[in-house]
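These notes concern the structure reproduced below.
The values are calculated or read from the model by the stated rules, or taken from the named source; none is laboratory data. Just so it is clear, the model here is predicted, and its values are computed rather than measured. We place every Cβ from the backbone using ideal geometry, glycine too, and count neighbours over all the protein chains shown.
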Amino acid sequence: MFDYTKINSETWDLWAKDGCEWTLPITHEEYKKTNAENFIVYLTPCIPVPREWFGDLKGKKVLGLASGGGQQMPVLSKLGAECTVFDYSDRQLDAEKMIAEREGYGINIVKGDMSKLLPFEDESFDLIFHPVSNVYVENVYHIWNECYRILKKGGRLLSGLDNGISFLFDENDPLKVVNPLPFNPLKMPKERLDAMIANGDGVQFSHTLDEQIGGQLKAGFILKDLYEDRDREGGSEIGKYYPQYIATLAVK
């Protein structure tokens with residue numbers, strides 16, 4: 001059976017080995033100067049998450065869902081949260097362990113595939129931090145249902161979402177429309193899927209707003225706030241013309 005999530009895990013391991021910017025952990029200097037008045041974390045590439053989205057983190061149980069790499073969890077730990085990080089990449093989890101040991105805080109590190117049932121009890125967390133990553137999973141409704149299950153009543157879900165527009169275009173001609181949406185490589189001719197994997201892109205999916213926003217609402221969440229964002233400089237050409245990402249705050 002074709003295990004696309006394992007391919008994505010291995011892809012992220014390679015990206016981390018090569019020093020992709022989304023795998024570079026926080027420095028000691030950045031960690032040391034972090035406090036409740038100046039902290040910065042990202043759900044999407046450019047715009048920092050509003051600090052009011054978090055509330056008071058002291059003593060709160062926080063899950064970083066597909067959030068390995070030592071970028072966000074060290075900051076939230078510094079602010080007093082009891083953090084668990086869940087990711088499918090060994091190298092991304094190794095970075096979390098390295099930063100925690102360097103800075104002297106505790107973190108629960110769990111390797112797993114978010115396309116499966118999450119290995120946590122009902123109502124385990126006060127907050128879930130889920131940066132742009134569900135492009136690597138075919139069924140996002142499952143993710144929202146699991147998030148709702150493991151959040152406490154009144155708990156917060158902070159999500160970074162790809163709106164899918166970048167998947168319209170030709171990889172070699174970034175403003176030429178070639179793909180209908182939603183984009184699902186598992187329904188493509190095998191040679192196209194093989195080429196995507198051989199190119200080092202992993203197996204990525206676009207998702208509709210019905211899935212991304214509607215899926216949260218169907219799971220039972222109340223949407224409280226959102227904003228749009230774009231790639232950083234040097235990213236996809238389409239970002240010059242239209243935002244590709246949405247960050248959402250939802251409450252159980």
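Kindly indicate which of Phe205, Phe183 is out of contact with any Pro (no Cβ under 6 Å at 6 or more places or on another chain), touching a residue at least 12 places away in the same chain (Cβ under 8 Å), under 25 Å from Thr5 (Cα atoms) and surrounded by fewer than 20 Cβ atoms within 10 Å (Cβ to Cβ).
From the options Phe205, Phe183, the qualifying one is Phe183.
Taking Ala195 and the conditions (1) assigned to a helix (DSSP H, G or I); (2) in contact with a helix residue (DSSP H, G or I) (Cβ under 9 Å, 6 or more places away or on another chain), which numbered condition does it fall short on, given that it satisfies the others?
Only one criterion is unmet by Ala195, namely (2).
Within the range 1-111, considering only helices (runs of 4 or more DSSP H) that don't extend past its boundaries, which have at least 1 residues that are buried (at least 20 other Cβ atoms within 10 Å of the Cβ) and of a type outside the set (A, V, I, L, M)?
4-18, 73-78, 90-103
Return the residues of the range 209-248 that are modelled with pLDDT of 95 or more and part of a helix (DSSP H, G or I); say none if nothing qualifies.
Leu209, Asp210, Glu211, Gln212, Ile213, Gly214, Gly215, Gln216, Leu217, Lys218, Ala219
What number of residues within the range 236-252 satisfy the criterion of being out of contact with any strand residue (DSSP E or B) (no Cβ under 9 Å at 6 or more places or on another chain) and within 10 Å of Pro45 (Cα to Cα)?
0
Listed here are the residues, each with its yes/no results for (1) more than 23 Å from Val251 (Cα to Cα); (2) among the hydrophobic types (A, V, I, L, M, F, W, C).
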{"residue": "Gly59", "(1), (2)": "no, no"}
{"residue": "Gly64", "(1), (2)": "no, no"}
{"residue": "Leu76", "(1), (2)": "no, yes"}
{"residue": "Arg91", "(1), (2)": "yes, no"}
